[in-house]
Each structure stands twice: as structure tokens, then as C-alpha cells.
1. Taking into account only those residues within the range 158-176 that are more than 20 Å from the chain's Cα centre (by Cα) and not aliphatic (A, V, I, L, M), which is farthest from Ala263 (Cα to Cα)?
2. Within the range 279-297, restricting attention to residues that are of a type in the set (Gly, Ala, Ser) and surrounded by fewer than 19 Cβ atoms within 10 Å (Cβ to Cβ), which residue is farthest from Ser121 (Cα to Cα)?
3. Kindly indicate whether Thr225 is outside any helix (DSSP H, G or I), in the same structural domain as Cys177 (by TED's automatic domain parsing) and at pLDDT 85 or above.
4. Considering only the range 32-52, I want to know if a residue exists there that is at pLDDT 90 or above, under 45 Å from the mean Cα position of the chain (by Cα) and among the hydrophobic types (A, V, I, L, M, F, W, C).
5. Got a sec? Which of Ala34, Ala93, Ala24 is assigned to a helix (DSSP H, G or I) and touching a residue at least 24 places away in the same chain (Cβ under 8 Å)?
6. Search the range 246-285 for residues being out of contact with any strand residue (DSSP E or B) (no Cβ under 7 Å at 6 or more places or on another chain) and aliphatic (A, V, I, L, M), and hand back the single one that is modelled with the lowest pLDDT.
7. Taking Ala166 as meeting all but one of (1) surrounded by fewer than 14 Cβ atoms within 10 Å (Cβ to Cβ); (2) closer than 23 Å to Arg113 by Cβ, write down the number of the exception.
8. Looking at (1) of a type outside the set (A, V, I, L, M, F, W, C); (2) assigned to a helix (DSSP H, G or I); (3) in contact with a Phe, Trp or Tyr (Cβ under 9 Å, 6 or more places away or on another chain), which is the only condition Arg135 fails?
Amino acid sequence: MELKEHEAGRSVELRDLVAFVAVASHLHFSRAAADLHLSQPALSRTIRRLEERVGVRLLERSTRNVALTSAGEIFLAEARLALQHANAAVRDARAVGREPQRSLVVGYSPFCRRTASELISAAADSVRGLTIAHRQEYGVWLLEALERDEIDLAITIAGSAAPGLATQPLRDVRLACMVAHDHPLADRPSISLSELRSYPFADPLPKTPGWQNQLDALFREAGFTPEMVETGDPLGEVRDDYLVSAPGVVWLQTIESVASGSAVVVPIVPPVTTRWELVWNPAATNPAARDFRELAWELGRSAGWLAR
């Protein structure tokens, strides 16, 4: 058979591969044609067209025998793989199409924004068919939204949840103090919590019970009650104008809270931490929330999120 050079390099179709694999498996055109529900002449034309497009002879024919050439043996292995991948693509697409699309609404405190972002991204990537909406709110409002079933899960400061809500420890995060560039502590490489006793602390509004309780416990352990300066700044946001206009004030924040350009972060040693937790309404029945909680636990365990 003379191959047509102008066909070489043209795209090979899946139906051509199906025909070739059938002939190569039977080494018989009549039996392959019967399996494919084709006439033998039509199958022969398909194989000739395939060889022209590939540019090499794949089968040796005689009146009695059909045999694979060396190129045909290589092509057969690759053709079978290509058909397997095509079938898998169809199977997976159908499976996803049959799955109900699931949705989840996750709320988080501004303090927890980086952990929330990391966890939401991981869930979106790993839980097939899951759509996640998220909203940033203060802790009190998050818990109220949970009770009204406006959100499925909250990521917030531990100790904030009202009775009747379920909780799961999520992450321990180090605290640091943030000060303006002209603050007396701005040049310190680190500081102990007890050394901060002579400085006023910013008291962001609105107040979050869990955060307030953790601060009170930390200050009791350090042996002092600080002067608190009330500010309307949102939780987790350090505004330039506030730091500049309030000399001497210390913001106690987490390492993952984003400081502004006017803030200097001074680590606290020995380290002190605050804890984030997942909160949900145990009466809610969204199965995607369970998947999210399980993923959070596994991610936290593997990444060492919990210090104790």
C-alpha cells in the first residue's frame, strides 16, 4: 500500500483508534468489523486513513494473515492508553454532573483572616462540587448569624461561642505588640508581656467576648491590669492615623493580622498565643459543613496548627 504523504500529520480521531485497537486485538478484519458493527470495506478504509495520517504502516496484510508492524505495536499501546484516558474523562464528567452541587457559607473574624483564607482555599480545591461563600464579620455578629442559619460555620476566637453551639479547636497563633515608628518600643527586637505594664493598650470596638477573656487571662498571668484606650478601629485593622495620633499606645495583635505601614511589629517572648476555633450550630444539617470540619482537622494536624 502506498501511503499518501499529504495526509501525514493530520489529527487522528478517537473512532480511528477504536477501529485500529479492534483490528489489532483480533488480527482479523472480519471479526473486528462485526464487533464494531461496520462493514469490512468501511473498516479497511478507516485503517488506511489512519495509517496515512500517522505516516507509517501499522499493519501487515495478506489474504490470510494480519500482523502488527513494529510501529503498530508501539501505536497499539499508546492508542489503548488514549482510549482509557478518554473513557475516564467521560466517566468523571458524568459523575460530577450527577452530583448535587453543594454550597457552604463560612464566616470569619478579621483576626482570623489569613487562616480562614487558607482553609477556604484548601476546601474549595479538595472537596469536589463544593461552592464556598464567605463573609468577614465581628465575633458577636458571626455567632448571631450562626443561630439564624445565615452561615454554616464561623472561624473566630476561642471562648466566644454561646451555649448550644458546637466548637472545634483550629489553630494557635502567636501574639505580638504593634506600635508606631516613633514609639519607645519600636526599636526593640522583642519584649516580654510584663514589660508592657507601663503602656496603654488599644481597646478596639466592637468588643469580642472571647478575645476580651483571653486578654484578661494573659494580663492576670503577667501580674498587671493595663490601661485600655478605647478606639473605634475595627478588629484586626491598624489605621495609620490612629497609631500616629495616639503616642505610646500598644496594639496587641496576632502575627497574622496585617499591620499598616506605620506599624512596627515587636514579638513577645516568651511566646503567648491566642486560639482560633470552628463554631457551628449542631442542629444544622448541611453535610458540606462536616466535610469542611474534617478537612480543617486534617490540615491542622498535618501543619501543626495546635500547640497543645
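1. Only one residue tops the list, namely Gly164.
2. Ala283
3. yes
4. Yes, the conditions are met somewhere in the range 32-52.
5. Ala24
6. So, considering only residues that are out of contact with any strand residue (DSSP E or B) (no Cβ under 7 Å at 6 or more places or on another chain) and aliphatic (A, V, I, L, M), the one modelled with the lowest pLDDT is Val258.
7. Checking Ala166 against (1) surrounded by fewer than 14 Cβ atoms within 10 Å (Cβ to Cβ); (2) closer than 23 Å to Arg113 by Cβ, the one that fails is (1).
8. Every listed condition holds for Arg135 apart from (2).
The values are calculated or read from the model by the stated rules, or taken from the named source; none is laboratory data. These numbers were taken from a predicted model, which means no experiment stands behind them. Because the Cβ atoms are built from the backbone with ideal geometry, glycine has one as well, and the counts that use them run over all protein chains shown.
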